[in-house]
1. Being under 15 Å from the mean Cα position of the chain (by Cα), part of a helix (DSSP H, G or I), surrounded by fewer than 17 Cβ atoms within 10 Å (Cβ to Cβ) and modelled with pLDDT of 95 or more is the requirement here; does ARG43 meet it?
2. Report, by residue number, each residue of segment 43-90 that is over 18 Å from ALA118 (Cα atoms) and in contact with a helix residue (DSSP H, G or I) (Cβ under 8 Å, 6 or more places away or on another chain).
3. Can you find a residue in segment 51-67 that is modelled with pLDDT of 50 or more and at positive phi?
4. Among the residues of segment 57-111, count how many are assigned to a helix (DSSP H, G or I) and surrounded by fewer than 12 Cβ atoms within 10 Å (Cβ to Cβ).
Amino acid sequence: MGPPGRWPAFSHRFEGVHGIMRESVAVKRSAPAGKSSADDVVRNFIESIDRGKRSDQPYRHWSLKDCLPSDTLEDVLALPFEPPSLDGISGKRELHNNTRKYFDVDNRKRFLVCEAVAQAFQDKRV
């Protein structure tokens, strides 16, 4: 069951998710082609919210699964963005801002999957 009132109460904090995905899914290299449309990503994400498991401890939050269509996830993981070497330095995220990759204008032009995901997360339904 998704969050009450659907989106207003939903926390958009997914800290640590990127690292978990990188470790649990083999990174593939493929052509920069997207298969699922932005609308497919929207539908999949909304369904994930609706199926999300709510927990109230230590604070109200939802655990989500299968947030993106599987082909979209594969395409995101196949993007030619190598994880940066942090040289054992952690702490403030600002320390590594210059190594971050974004679904920005340039990458949205280069990779269809970046465009589809960016459009989906800017959609009013999300």
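1. Values: under 15 Å from the mean Cα position of the chain (by Cα): yes; part of a helix (DSSP H, G or I): yes; surrounded by fewer than 17 Cβ atoms within 10 Å (Cβ to Cβ): yes; modelled with pLDDT of 95 or more: yes.
Here the answer is yes, as ARG43 does meet what is asked.
2. Once the filter is applied, which keeps residues that are over 18 Å from ALA118 (Cα atoms) and in contact with a helix residue (DSSP H, G or I) (Cβ under 8 Å, 6 or more places away or on another chain), segment 43-90 yields TRP62, LEU64, LYS65, PRO83, PRO84, LEU86, ILE89.
3. Yes, the conditions are met somewhere in segment 51-67.
4. Keep residues of segment 57-111 that are assigned to a helix (DSSP H, G or I), which gives 70-77, 93-99, 105-110.
Then drop every residue that is not surrounded by fewer than 12 Cβ atoms within 10 Å (Cβ to Cβ), which leaves 70, 93-95, 97-98, 105-106, 109.
Number satisfying all stated conditions: 9.
The values are calculated or read from the model by the stated rules, or taken from the named source; none is laboratory data. Everything quoted here is computed from the prediction, not taken from an experiment. Glycine gets a Cβ as well: all are built from the backbone with ideal geometry, and neighbour counts include every protein chain shown.
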